[in-house]
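All remarks here apply to the structure that follows.
Read-outs throughout are calculated quantities, based only on the coordinates presented, and are distinct from any laboratory measurement. Because the structure is predicted, anything quoted here is derived from the model rather than measured. Cβ placement follows ideal geometry from the backbone for every residue including glycine, while neighbour counts extend to all protein chains displayed.
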Amino acid sequence: MESLKKILGIIWILLALLTAYFCIFHFGIPKLHTGHQEDLVFGIIILFILTPIISIGLAIFGYFALRGEYEEGKM
């Protein structure tokens, strides 16, 4: 079970990188170039607020799982 948690930790870190890529290049930057004010606001919110929260949260969770912080005996 502990090895499964470590494998899932790697998956969470890869998922953090993947979400950062998609949030920046598919949701954030294209919205900044449309010229509409509502798209500009949405793009800024995606790039500077949501992307760091989502990506850093997933990466930290994966790092702790990879490090073994969620083991049964650790408390």
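Kindly establish whether Ser3 is of a type in the set (S, T, N, Q), part of a helix (DSSP H, G or I) and surrounded by 12 or more Cβ atoms within 10 Å (Cβ to Cβ). It is false that Ser3 is of a type in the set (S, T, N, Q), part of a helix (DSSP H, G or I) and surrounded by 12 or more Cβ atoms within 10 Å (Cβ to Cβ).
Restricting attention to region 28-49 and to residues that are buried (at least 17 other Cβ atoms within 10 Å of the Cβ) and under 30 Å from Leu66 (Cβ atoms), the residue that is farthest from the chain's Cα centre (by Cα) turns out to be Gly28. Every test in (1) touching a residue at least 60 places away in the same chain (Cβ under 8 Å); (2) touching a helix residue (DSSP H, G or I) at 6+ places or on another chain (Cβ under 6 Å) is passed by Gly68 save one, and that test is (2).
The condition of being at positive phi and either of a type outside the set (A, V, I, L, M, F, W, C) or free of Cβ contacts under 8 Å to residues at least 60 places away in the same chain (or both) holds for only one of Gly35, Gly43, Gly57, Gly73, that being Gly35. Of the residues examined, Ile53 is one that is surrounded by fewer than 14 Cβ atoms within 10 Å (Cβ to Cβ), out of contact with any Leu (no Cβ under 9 Å at 6 or more places or on another chain) and either part of a helix (DSSP H, G or I) or among the hydroxyl-bearing types (Ser, Thr, Tyr) (or both). Is it the case that region 1-10 has a residue that's of a type outside the set (S, T, N, Q), farther than 27 Å from Leu66 by Cβ and in contact (Cβ under 8 Å) with a residue 12 or more places away in the chain? Within region 1-10, none of the residues are of a type outside the set (S, T, N, Q), farther than 27 Å from Leu66 by Cβ and in contact (Cβ under 8 Å) with a residue 12 or more places away in the chain. Working only within region 9-23, note down all residues that are out of contact with any Pro (no Cβ under 9 Å at 6 or more places or on another chain), among the aliphatic types (A, V, I, L, M) and either farther than 30 Å from Tyr63 by Cβ or surrounded by 16 or more Cβ atoms within 10 Å (Cβ to Cβ) (or both). Scanning region 9-23 gives Ile13, Leu15, Ala16. Screening Glu2 with (1) out of contact with any helix residue (DSSP H, G or I) (no Cβ under 6 Å at 6 or more places or on another chain); (2) farther than 30 Å from Glu72 by Cβ; (3) charged (D, E, K, R) gives one miss only, at (2).
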